[in-house]
Amino acid sequence: MKIKHIIYLITIFSSLQILSCKKNNLLTSSNFNIETSSDTILFDTLFTTIGSTTKRFKCYNHNSGTINISNISLQNGTNSPFRINIDGESGVDFKDISILEGDSIFIFVEVTIDPNGTSLPLVVEDQIIFETNGNFNKVVLNAWGQDAYFHVNEIVQGTWTNDKPHVIYGVAAVGYPSLDSNLTLTIEQGTKIHGHSNAVLYVYKSTLNVNGNLNNPVVFQQDRTEDYLLYSADSIAGQWRGLYFSNALNSTITHAEIKNAIIGIQIDTFSLNNYVSLNKVKIHNSLYSNILSQGSNLSATNCLFANSNNYSAFLSIGGDINFEHCTFSNYSSGYRTSPAFVFKDYYESTNGQIIFRPFNQANFTNCIIDGNSTTDFVCDTLGFDISGILTNVLFDHCSLKTEDTIENIVLNNCLFNPKIHFKNTEEWNFELTDSSQIIDIGKSSNISDDIENNSRSIPNDLGCYEYQ
């Protein structure tokens with residue numbers, strides 16, 4: 001009995017040792033990391049008073065052994081409106097959190113915000129940083145900071161009023177493939193629309209009407225309104241996606257400003273007889289292009305496309321387009337290898353085949369194409385070289401900055417490389433000065449005023465501004 005008792009104790013002791021070794025198998029190599037159930041926590045509750053709400057997510061250990069998270073912290077520390085709770089403790093910084101093999105922990109996130117505080121940004125953002133075996137993971141935290149209308153991945157229609165800002169988070173879609181279409185969104189004068197990172201106002205087989213006026217334009221911009229550490233908020237391009245029309249119905253944008261997007265306005269493949277009409281629209285400081293058209297029907301009058309990191313305009317592969325009294329100018333302060341303006345009537349397929357897509361017509365009248373590069377006007381056309389069809393393209397009484405040889409289009413009374421002399425391109429002021437060489441050389445037209453509603457005299461000045 002005594003020997004059996006001893007053997008029994010040895011067996012128990014050995015089993016405990018095995019379990020202890022398994023439990024204490026701490027994984028310290030950088031090959032082992034944690035996973036989280038979400039990479040973004042969005043607090044989409046609209047508070048009307050000082051409010052507080054809590055959300056949660058999980059942190060997993062899917063590894064064969066115990067893993068130790070050396071640090072979990074809020075990036076903004078005690079300055080953050082967010083608080084996190086782990087194992088019943090609330091704070092902004094936690095050390096040495098262990099998770100056993102196959103186990104997980106809950107992390108609770110709380111936010112307290114007064115949305116009526118006008119000093120706050122529209123969207124308050126922070127990050128939870130996880131440091132594990134030299135690896136860094138993050139979970140982004142977003143909450144509304146001011147009282148506004150928030151559009152979070154939704155179908156929109158009706159009227160956007162100007163009593164509060166509108167914030168787009170993700171996609172605000174006026175119509176959407178396989179869902180609703182033939183919708184109409186009207187935006188009142190003076191309305192402010194703010195896009196979060198990569199947010200887009202998307203118009204699909206529907207109508208967008210933007211009804212600004214000179215004293216109350218509609219403004220589209222990023223949701224970050226406070227300045228960065230070294231740069232102003234308005235100096236950074238690409239802070240949101242922009243406006244995107246796809247097979248849209250007749251739409252109009254009047255007296256609007258669109259700035260700091262990736263692409264200010266993109267217009268793709270319109271149905272027959274449906275047009276986007278731009279009147280007195282300013283598009284500034286886009287990351288890729290202020291305006292991008294691909295097989296679209298587009299009319300623009302008295303519009304300014306200025307200071308992009310790449311293109312002020314990229315107009316391509318067909319459609320029916322008409323620009324009158326428009327200024328395409330790129331004096332971006334950053335390094336730029338692309339021209340301000342590109343016009344192209346073909347594309348190359350994935351197998352290297354050249355596909356010719358001529359324009360039904362493309363007319364440019366009394367326009368300025370200018371910038372701080374040697375060549376800012378590029379007309380890359382095949383014309384009649386492949387199909388025998390002459391592309392119907394006319395530049396009439398335009399100012400063109402280029403050293404290229406222009407082929408396959410019609411030029412009528414165009415001026416090459418004149419001195420434009422804008423007032424202040426660094427401050428986005430593209431009004432003309434009295435030393436400009438494009439004053440009083442325009443073609444007479446039915447356009448009686450300019451982008452600022454100033455009367456035009458005959459003969460007209462080129463571009464969207466009439467010299468005063």
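The values are calculated or read from the model by the stated rules, or taken from the named source; none is laboratory data. Predicted model only: the values in this text are computed from it and were never measured. For neighbour counting, all protein chains shown are included, and Cβ atoms are generated from backbone atoms with ideal geometry for every residue, glycine included.
A single entry from LYS95, LYS164 fulfils the requirement of being assigned by TED's automatic domain parsing to the domain that holds HIS196 and among the basic types (Lys, Arg): LYS164. Of everything in segment 108-134 that is of a type in the set (A, V, I, L, M), part of a strand (DSSP E or B) and at pLDDT below 95, the residue that is farthest from ILE34 (Cα to Cα) is ILE113. Between ILE193, ILE253, ILE267, which is assigned to a strand (DSSP E or B) and farther than 24 Å from ASP163 by Cα? Criteria check complete, one pass: ILE267. Applying a threshold of 7 Å to beta carbon distances and a minimum spacing of six or more residues, or different chains, the list of pairs starting in segment 291-304 at a residue that is closer than 15 Å to ILE369 by Cα and ending at one that is among the acidic types (Asp, Glu) and at pLDDT 95 or above reads THR301/GLU324; ASN302/ASP450.
Within segment 50-96, the residues that satisfy the criterion of being closer than 21 Å to THR40 by Cβ and among the aliphatic types (A, V, I, L, M) are ILE69, ILE72, LEU74, ILE84, ILE86, VAL92.
Going by the conditions given, is GLU403 loosely packed, with under 13 Cβ neighbours inside 10 Å, in a loop (DSSP other than H, G, I, E, B) and touching a Gly at 6+ places or on another chain (Cβ under 8 Å)? Criteria not met by GLU403.
Once segment 429-442 is narrowed to residues that are of a type outside the set (Gly, Ala, Ser), assigned to a loop (DSSP other than H, G, I, E, B) and surrounded by fewer than 17 Cβ atoms within 10 Å (Cβ to Cβ), the residue that is nearest to the chain's Cα centre (by Cα) is THR433. Just to be sure, is LEU272 modelled with pLDDT of 95 or more, hydrophobic (A, V, I, L, M, F, W, C) and not in a strand (DSSP E or B)? It is false that LEU272 is modelled with pLDDT of 95 or more, hydrophobic (A, V, I, L, M, F, W, C) and not in a strand (DSSP E or B).
When we screen GLY212, GLY195 for residues that are over 16 Å from the mean Cα position of the chain (by Cα) and either crowded, with 23+ Cβ neighbours inside 10 Å or not assigned by TED's automatic domain parsing to the domain that holds SER332 (or both), the only hit is GLY212. Taken as a whole, the structure places SER232 among residues that are free of Cβ contacts under 8 Å to residues at least 12 places away in the same chain and small (Gly, Ala, Ser). Kindly provide the set of residues from segment 451-468 that are crowded, with 22+ Cβ neighbours inside 10 Å and of a type in the set (Asp, Glu), ordered by number. Those that are crowded, with 22+ Cβ neighbours inside 10 Å and of a type in the set (Asp, Glu): ASP461, GLU466.
Scanning segment 284-334 for residues that are surrounded by 21 or more Cβ atoms within 10 Å (Cβ to Cβ) and among the aliphatic types (A, V, I, L, M) returns ILE291, LEU292, LEU298, ALA300, LEU304, ALA306, ALA313, LEU315, ILE321. Residues that are within 21 Å of ILE262 (Cα to Cα), modelled with pLDDT of 90 or more and among the charged types (D, E, K, R) within segment 183-241 comprise LYS192, ARG241, listed in sequence order.
Against the test of being under 20 Å from the mean Cα position of the chain (by Cα) and not β-branched (Val, Ile, Thr), the options ASN330, ASN360 yield a single qualifying residue, ASN330. None of LEU208, LEU214, LEU243 is out of contact with any Cys (no Cβ under 8 Å at 6 or more places or on another chain) and outside any strand (DSSP E or B) except LEU214. Total residues in segment 216-264 satisfying the condition of being more than 21 Å from ASN310 (Cβ to Cβ), touching a Phe, Trp or Tyr at 6+ places or on another chain (Cβ under 8 Å) and crowded, with 17+ Cβ neighbours inside 10 Å: the figure is 6. Mind listing just one residue for me: the one in segment 338-361 that is touching a residue at least 12 places away in the same chain (Cβ under 8 Å) and of a type in the set (Ser, Thr, Tyr) and, of those, surrounded by the fewest Cβ atoms within 10 Å (Cβ to Cβ)? Ranking the qualifying residues of segment 338-361, first place goes to TYR347. Scanning for something in a loop (DSSP other than H, G, I, E, B), surrounded by fewer than 18 Cβ atoms within 10 Å (Cβ to Cβ) and modelled with pLDDT under 95, does segment 151-159 turn up at least one residue? There is no residue in segment 151-159 that is in a loop (DSSP other than H, G, I, E, B), surrounded by fewer than 18 Cβ atoms within 10 Å (Cβ to Cβ) and modelled with pLDDT under 95. The residues on offer are VAL410, VAL393, and the sole one that is modelled with pLDDT under 95 and buried (at least 20 other Cβ atoms within 10 Å of the Cβ) is VAL393.
If we keep just the residues of segment 174-189 that are within 17 Å of ILE253 (Cβ to Cβ) and buried (at least 18 other Cβ atoms within 10 Å of the Cβ), which is nearest to the chain's Cα centre (by Cα)?
The qualifying residue nearest to the chain's Cα centre (by Cα) is VAL174.
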